[in-house]
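Colleague: Submitted below is the structure of interest, expressed as structure tokens.
The values are calculated or read from the model by the stated rules, or taken from the named source; none is laboratory data. A quick note: this is a predicted structure, and the numbers were derived from the prediction, not measured. Cβ sites come from the backbone with ideal geometry, for glycine too, and all protein chains shown count toward neighbours.
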Amino acid sequence: MALTQEQLLQLRGRLQDRGTELRDIIQRELNDAGHDSLAGQVHDTGEGALADQLVGLDVAIAEIDTQELMDTRAALDRLEEGRYGICIGCGVEIGFARLESQPAAARCIDCQKRFEAERGAETPRL
Ligand SMILES: [Zn+2]
């Protein structure tokens, strides 16, 4: 593996910190979404739809963070299994520079671009 032990330890520390941070953020977001019962207060008024949208937005943000938490955990799993820093798409080594900016990255830049392009094009083709 191209990464040194020092680099791995550094990235593992960042992943663990980020995982803890994300758990707190998600907890707070879910509390906010359910707690204030904004939707309940303005129920049956014209503002109801807006409140629903706000609550939906909170949940959407929590989902993005949940996805990042899952990516972070998956990266830690790969680290434990010695597969960290290897692209899950094509198997090439992911450079330290990329991992340093995105410790949870599972793909090399080429595969990530392809993955996002495919995901972005999820419109039904009949
Ligand atoms: Zn790749």
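Colleague: Run down 78, 98, 12 and say which single residue is modelled with pLDDT of 95 or more, under 30 Å from residue 2 (Cβ atoms), surrounded by 14 or more Cβ atoms within 10 Å (Cβ to Cβ) and away from the ligand (no atom under 16 Å from the Cβ).
Modeller: Testing whether each residue is modelled with pLDDT of 95 or more, under 30 Å from residue 2 (Cβ atoms), surrounded by 14 or more Cβ atoms within 10 Å (Cβ to Cβ) and away from the ligand (no atom under 16 Å from the Cβ) leaves just 12.
Colleague: Given (1) away from the ligand (no atom under 16 Å from the Cβ); (2) in contact (Cβ under 8 Å) with a residue 12 or more places away in the chain, identify the lone condition not met by residue 105.
Modeller: (1)
Colleague: Restricting attention to the stretch 71-85, which residues are among the aliphatic types (A, V, I, L, M) and closer than 11 Å to residue 106 by Cβ?
Modeller: 74, 75
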